[in-house]
Every structure is written in structure tokens, then in C-alpha cells.
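The values are calculated or read from the model by the stated rules, or taken from the named source; none is laboratory data. Quantities reported herein were computed from a predicted structural model and do not represent experimental measurements. A quick note on method: Cβ atoms are made from the backbone with ideal geometry, for glycine too, and the neighbour counts reach across all protein chains shown. What goes into the accessible areas is simple: the full protein's heavy atoms, side chains included, and nothing from ligands, DNA or RNA. Shrake-Rupley method; radii C 1.70, N 1.55, O 1.52, S 1.80 Å.
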Amino acid sequence: IERTFSMIKPDATKRNLTGAITKMLEDAGLRVVASKRVHMSQREAEAFYAVHKERPFFGELTEFMASGPTVVQVLEGENAIAKNREVMGATNPVDADEGTIRKAFAQSIGENSVHGSDAPETAKEEIAFWFAEKDIVG
Ligand code: GTP
Ligand code: MG
């Protein structure tokens, strides 16, 4: 059984979509084993997204992530990383398949409603960034 990290972004919490998005994750066979609402600081956003710091959109991305509440979650399931990426859909909602979270809810490539880890190593790091092992209840 695999774990991945998921985040419901400020554009989605603002529109009260936490439940709707979580339901799509659960319907895909993923289980929420940790969850909390966080309004991160600009510095936390910069640390969390440090891998993107050379990208031209880094400032825009981190300001957006610090602009309102997010919901950070640990998801568990068979092939949880790949399954979560599948239900999220493509980064740009214009390219996202029917039935995905981003097709349903994302507003733009930046305000795209969800984040999900892309590999086992990043899943581990991203989970540890937000959660202590004792707060994950499988
Ligand atoms: P994440 O799950 O959020 O990591 O999405 P991803 O893996 O599909 O995309 P990627 O890691 O390439 O980019 C990380 C995040 O940066 C995306 O989810 C977007 O929110 C944001 N991003 C990517 N490209 C752009 C862009 O051109 N402009 C802006 N404003 N944001 C972007
Ligand atoms: Mg990514």
C-alpha cells in the first residue's frame, strides 16, 4: 500500500470545494489518512515549492499558495501516487480529461485546484513537510 501527498489549493477552498474534491479522491479508491487546513506563509510556500525556484512563475505560484487557506492531506491506496495524478488531470485545465478534478474545477494553469506528489521520493518529502508520522492514521 502506497502513500501520497495531496493539497487542495486556495482557489478551491475559496469556492468551498474541499468536500467535492475529497469525494473525487475517495471515489478513485484513495483513503484520507491525515488532513488539516493550513494558511501557509509566503516563506513556507517558497520552501515547499523550492524545486520550482528557477521557474519564471515561481513568484506567482508561491504568492497564490499563500493567498488563502489550503487543505493538506495524506492519501493511501494501491498505486496512490499514480492514481492521484490520474484523478487530478493535466496541470493546465484546458488539457485535462473529462472526469478529472482539474477538468471539473481548475480555473487556469496557476489556479488549478489541487497538487499531488509526482514520485515516491517527493511523496515522502512532501508528507514529512506537513505531517508528523504520529498524525497519520492508516
Ligand atoms: P503540482 O501537482 O501542483 O506539482 O502540478 P503539476 O505537477 O501538474 O505541475 P508542475 O509541477 O509542472 O507545476 C507546479 C505548479 O506550478 C502547477 O500545479 C501550477 O499550479 C503551477 N504552474 C505551472 N506552470 C505554470 C505557469 O505557467 N504559470 C503559473 N502561474 N503557474 C504555473
Ligand atoms: Mg509537480
Taking the condition within 15 Å of ligand 2 (Cβ to nearest atom) and farther than 16 Å from residue 113 by Cβ, does residue 50 pass?
yes
Under 22 Å from residue 138 (Cα atoms) and open to solvent by 50 Å² or more (accessible area, probe 1.4 Å): is that true of residue 103 in this structure?
no
Could you say which residue among 112, 84 is assigned to a loop (DSSP other than H, G, I, E, B), open to solvent by less than 20 Å² (accessible area, probe 1.4 Å) and not charged (D, E, K, R)?
112
Which residues, taken from the stretch 31-60, are closer than 22 Å to residue 1 by Cα and open to solvent by less than 60 Å² (accessible area, probe 1.4 Å)?
32, 33, 34
Scan (1) of a type in the set (Asp, Glu); (2) away from ligand 1 (no atom under 12 Å from the Cβ); (3) within 26 Å of residue 19 (Cβ to Cβ); (4) out of contact with any Lys or Arg (no Cβ under 7 Å at 6 or more places or on another chain) for the single condition residue 54 breaks and write down its number.
(3)
Residue count, the stretch 115-131 (criterion: away from ligand 2 (no atom under 14 Å from the Cβ) and open to solvent by less than 30 Å² (accessible area, probe 1.4 Å)):
3
Do we have residue 28 as open to solvent by 10 Å² or more (accessible area, probe 1.4 Å) and among the small types (Gly, Ala, Ser) here?
yes
If I filter the stretch 93-118 down to residues being within 13 Å of the chain's Cα centre (by Cα) and of a type in the set (A, V, I, L, M, F, W, C), which single residue comes out as farthest from ligand 1 (Cβ to nearest atom)?
101
